[in-house]
Each structure stands twice: as C-alpha cells, then as structure tokens.
Number of protein chains: 2
Amino acid sequence: MEVTNKLESGNYAADISSIKEAQQRINPFIHKTSVLSSDTLNSISGRKLFFKCECFQKGGAFKFRGACNAIFSLKDEQAANGVVTHSSGNHAAAVSLAAKLRGIPAHIVIPKNAPKCKVENVRRYGGNVIWSDATMQSRESVANNVLQETGAVLVHPFNDGRIISGQGTISLELLEQIPQIDTIIVPISGGGLISGVALAAKSINPKIRILAAEPRGANDAALSMAAGEIVTLPQTNTIADGLRAFLGDLTWPIIRDFVDDVITVEDKDIIEAMRMCYEILKVAVEPSGAIGLAAVLSATFLENPAWKDCNNVAIILSGGNVDLGVLWESFNK
Amino acid sequence: MEVTNKLESGNYAADISSIKEAQQRINPFIHKTSVLSSDTLNSISGRKLFFKCECFQKGGAFKFRGACNAIFSLKDEQAANGVVTHSSGNHAAAVSLAAKLRGIPAHIVIPKNAPKCKVENVRRYGGNVIWSDATMQSRESVANNVLQETGAVLVHPFNDGRIISGQGTISLELLEQIPQIDTIIVPISGGGLISGVALAAKSINPKIRILAAEPRGANDAALSMAAGEIVTLPQTNTIADGLRAFLGDLTWPIIRDFVDDVITVEDKDIIEAMRMCYEILKVAVEPSGAIGLAAVLSATFLENPAWKDCNNVAIILSGGNVDLGVLWESFNK
C-alpha cells in the first residue's frame, strides 16, 4: 500500500489532523525552536545539515510538546487529581512543567539511575519525585501504585496518541522553516518522537525519508524492524540514557509503516557527536540528543547507496540536559 | 545636544548608512543568529531577556560580521597582498574565514596566551599564525613588521569604521526580530561591537538604552567614562580573554556619546553566567560572551532606579569559543 493510502487509512494513534490540533493547543506555551547549520559540518558530511534544536525547547527537550498536548487535552474533571508519569528525566520535567502551567499536581516516578540535572529539572518545575528501580518493570509498577493512591491520570512517555501528536508538531515547524528538507534523522527509544515526526512529515511530503538513530547497546528498534514485530532486550547498555525504552503497541505500527531505516551507532560516536555539537555548533546536547549527528556521519549512512541523494538532511537534536561533568569525563575516556 | 542631532552630525567613524551598507555586503555570508529566551532566567532577573546568540555566528563570534565587511570592502588592488591582524582569537578566526572566502591570504598575529580553541579556529580557516607576546604593544609591533614584509592591509580588531559598521548589523537584525527591545547589554573591550550596536540601535530608536558590560579586572571603559577621556590600565586581570583591550580613538567618541552606562562585574559572576548559559539556555558561551548575563543579574543593574523600567532587555552573547576543560575547571574552583 502506498504511503499516502496508509496515512489516510486511519489505522494509527495519531494523524496530520491530530498533529495540527496539537500545534494549535500548544503553540501558546512552547518555544518555536531554532534551526542551526554549519559549513564545517556540511563539509564533513558532504550534505546540507539542518539541526532542529529541541534542546532549546522548554524543559530542555522535545518532550514538552507531547506533555503539553496531553495535559491540556484533559477535561477539567480528568485533570482534577493531577497526572502521573514514569521517565528517566526529560518527559518527567516536561510533565511537571505542563502540569504547573495547567495548575494541577504532577507525580513523577524516576528511576534511580537518572541523570542529576534531569531530576533537578523535575524539582524546579514543582514535580513530586517518587523513586523506582531502573528497570521498566519497576517504573511501571511504582507508577501504577501512585495512580491508584492518587486517582491521577497516567501520561505515558510515548505510547499515547496525544504524546505522538505533540511531538509531531516538530515536523510542521521544521518544514515551514526549511521547506527543502528531504530527510529527517530522529533518535528512537519508545518511538513517540519519531512516530509523530514521521506522520506529519510524510503527510506533508510522502517522499521525505525518515531515518531512526539508535544506540548499538539498545538496538531493539533495529531488531524489531528486521523481525517485523516488537522485539525487546533483556538489558540495555548505552550512554544515551534517554534511549533505553522499547517500542509500544501504538508507536510500533507507525514506525513499521513510515520509518525508512534504523541506523545503529556506537557510544563512542555519540560522544564524538556531542563534542562536535559543543565545539562547532556551540550547543549543549545530551547523548540521546546528539545521536542523529552520529548517525549522519556514520559509514552506515554515508556509504549506503539508498541515501546518496539525501541532500538536505534535518537532524533533531532532541535534548540538552547533560551534566557538564559527565560530558567532560566522557570526552576524556 | 540631543541623541538624534549627534547621530546626524557625521562626527563618527560609522553611521546608520554605513551599517545598512555593511548589512547588504555581508548578508550573503553571515548567519542570521537566533534569539533565545528562558522563563527561568526571566523569573530570576524580573525582566524579559532576549539572548542574541552571536556564539552561533560563523567562526563562533560576532567578529565575523566586521571582518567580512572590512575584507569585502577592499578594492581588488588593496586586497591582492592579503590582510594582517592581531587578536586574542575571535577576530583572528573571523579575518581568516573572511579572507578565505575572498580568496586572499590572512596573516594573524596571536598572543601566546590565547585560548587553544581560538588558535585552532584560525588554523581551520587557513590563517597564517604568527606568535607575539601577550601585551598590546607586542601584538601591534609584530603586526607592523608583518605589514611591512608582506604589503598586506591591516584589519584592526575594533578601531576601524568598517569593523564598527559590520558589528552594528547585529542591531538591525535584533530589532527586526524583537521590535519591543528597550535595552541592549553589550560586552565592551576595544569598543567595536558596542559602537556599532549603539549607533544602529539609537538611529532606529533613540530611547533604547545601551549598557556596556565589563570585567572588574579590565575596567578601563568604566574609568574612561568617569574621566571623560580614554583611560588605559597598566595590566588587566580577568578570565574574559576577549575583553582585555582598551578603547580606540574611533570607538571612544561613539561610546562617550551613546553608551548610557558601564556595568562592571566580577569574574566569579561571569563564570556563574557561563554555567547558566550552559545549563539553562543549552548554549556554549565563552567568558567574554556571558558577561552580559552577569551584568543583568548584578545588583548594580537590578537595584539602580535608572534601569527599573528596562523591561525588554537584549543581551548579546558575543562568542562561544571556550575550551570545555577550561569551562569545567572554572566551575569547580
């Protein structure tokens, strides 16, 4: 089935209409983020690169778009008891901030291994921090307890149509800012970001290529695409703390149908990409946020004949919440 | 004499016409830089702050605007033997890049204490590095020798109408991006940046306040304003390596007549401002570049009744060339 027919089938958790509605809903609250470019990086990659700086989004990551859309979609009676979520950090801060703007409580389940700066962001925005173990099972089980105790509403970090729609607003902005984009490289974890970005971009121009960037140590999306079904891993091992989740039943069909390829990269290349973001673009980008630059500079991308006519490539720098000490230490390993 | 009468007197090395001509000349080459904002920083300062990110300019600093204007103003016969300059770094890289674009050689005299990343920038853009001692006397004397040997043209880092005009294009851009600006805070060193910014901004709106930000350890501009004439210091002592020069005979009259005040800040506050730029704005800013944020957060600014109605304050983040190790070490002192 053609891309356009699939898009019109109504088979997915979000579509171009829900994404445009999200844009109307969240525009009063979000930053329209800058797009940066660099002759130096264009020269290194041999393509024209456009960096969509979601690290400049409120809360320091794209997550605020989806959280804002989800929380402002709630009816007053739904919102009354507040919201709950579990997140390694950026979604947590985003939910805290959006709940604060809506004037409702936010209960945030955070795994013990979350970066310090991300926990501080949650507290800065008034979120109520509840600790869990690092596993997804522990995160979900603690969140369920909080849901039952508080009567609050769950705002899932990715497996939710309102979240997917919110993240999709990035493509609406990006393609207005740089209409000639022919390829978008997007970090993949649970898949909320890339689902929204792919739906919106392919609805505007079905020829745009959507490429996922994934760490080798958490390569469940690449394995899922190869297997034709959701694959999970017994454990993950990557510096990219935001990219350790697995696909959900709402994000998977969108990824299966609209993501053109998954590019896996090594942690050392993610660290080098962070360094380039800092030294050349002058932007603080966390490991998960810099992976798109690592992907576009990888042999996997540059030497694949399928991508040789990807000339105007957008890279979503998805977040900027990185402890400076961690950055410095990772550069010196 | 009224501001407007002074502006129309023709008594200065640049004016709104030369600045608009500079904009026409350099627009094909420069980045139109983003303006960022942050609710967190607005809340801390009690003002609406708008950060003009010249750290995203080509070469990593505003200096490329002036260098580009100066070098592309040269007639072919003037340009034939190339250009010479002396600079602690950002102007050096800017001249190297502009000369490369024009296709002429650039001879760059650099003091031995210049930051490593700035010297690397010069080499990246093909500049011919010639070392001098750290003093302004040594810089100027080595540059004079190179001028005589090569027959090249001097592109002074600030005391030059073409440089001042190029830097002034920042105000043209800024006031188009954020028309409600009522105050602009600008780092001051030799005065090329603030001269251009002040001339353009006051020509567009004479009521705009122009405030200079200067390190306590290199407070020659504050002393000059108090004395009514150029004051120099026997030595300077500040982390802000780009703010150690003294005013020139072309920049001084503009500063005397159009800068409303000089705010001096301590190095520890500059370092804290760098940290805020990194952690909150997600932008890499060098010490000299972050000083405007330190100034707007200082008691000197916030508690001065003269500035209590400065509500929409632009801060020029003038450069982003900072060695990450230096940043990290300065945070841990």
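The values are calculated or read from the model by the stated rules, or taken from the named source; none is laboratory data. It should be emphasised that the depicted structure is a prediction, and the values quoted were computed from it without experimental measurement. Please note: Cβ atoms are built from the backbone with ideal geometry, for glycine as well, and neighbour counts cover all protein chains shown. Calculation scope for accessible area: heavy atoms of the full protein, side chains included, ligands and nucleic acids excluded. Shrake-Rupley method; radii C 1.70, N 1.55, O 1.52, S 1.80 Å.
Residue-by-condition table, conditions (1) at pLDDT 90 or above; (2) of a type outside the set (A, V, I, L, M):
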site	(1), (2)
B:76	yes, yes
B:89	no, yes
B:111	no, yes
B:118	no, yes
B:122	yes, no
B:132	yes, yes
**Q.** Identity of the residue in segment A:196-211, among the hydrophobic types (A, V, I, L, M, F, W, C) and open to solvent by less than 40 Å² (accessible area, probe 1.4 Å), that ends up farthest from residue A:158 (Cα to Cα)
**A.** A:208
Q) Of everything in segment A:123-140 that's part of a loop (DSSP other than H, G, I, E, B) and within 14 Å of another protein chain (Cβ to nearest Cβ), which residue is least open to solvent (accessible area, probe 1.4 Å)? A) A:125
Q. What pairs can you find where one residue is in segment A:262-285 and more than 10 Å from chain B (Cβ to nearest Cβ) and in a strand (DSSP E or B), the other is among the acidic types (Asp, Glu) and open to solvent by less than 10 Å² (accessible area, probe 1.4 Å), and their Cβ atoms are less than 8 Å apart, with a gap of 6+ or different chains?
A. A:262/A:214; A:263/A:214; A:264/A:214; A:265/A:214
Q.
So residue A:35 ticks every box in (1) more than 15 Å from the chain's Cα centre (by Cα); (2) modelled with pLDDT of 95 or more; (3) open to solvent by less than 20 Å² (accessible area, probe 1.4 Å); (4) within 11 Å of chain B (Cβ to nearest Cβ) but one. Which box is left unticked?
A. (3)
Q) Of all helices (runs of 4 or more DSSP H) completely enclosed by segment B:35-122, which ones contain at least 3 residues that are closer than 30 Å to residue B:276 by Cα? A) B:39-45, B:63-73, B:90-102
Q | Filter result for the condition that a residue is surrounded by fewer than 20 Cβ atoms within 10 Å (Cβ to Cβ), in the same structural domain as residue B:172 (by the TED database), in contact with a helix residue (DSSP H, G or I) (Cβ under 8 Å, 6 or more places away or on another chain) and farther than 24 Å from residue A:282 by Cα, over B:21, B:8, B:2 | A | B:21
Q: Determine the pairs where a residue that is in contact (Cβ under 8 Å) with a residue 40 or more places away in the chain, located within segment B:301-318, has a partner that is hydroxyl-bearing (Ser, Thr, Tyr) with Cβ atoms under 6 Å apart, the partner being 6 or more residues away or on another chain.
A: B:310/B:183; B:313/B:183
Q: Filter segment A:108-122 down to residues that are away from chain B (no Cβ under 13 Å) and not β-branched (Val, Ile, Thr) and give me whichever is least open to solvent (accessible area, probe 1.4 Å).
A: A:111
(Q) Against the conditions (1) within 14 Å of chain B (Cβ to nearest Cβ); (2) crowded, with 24+ Cβ neighbours inside 10 Å, where does residue A:44 fall short? Just the number, please. (A) (2)
Q: Only one of these is touching a residue at least 24 places away in the same chain (Cβ under 8 Å) and away from every other protein chain (no Cβ under 12 Å): B:64, B:72, B:56. Name it.
A: B:72
Q: Give me a count of the residues in segment B:183-207 that are among the charged types (D, E, K, R) and more than 20 Å from the chain's Cα centre (by Cα).
A: 1
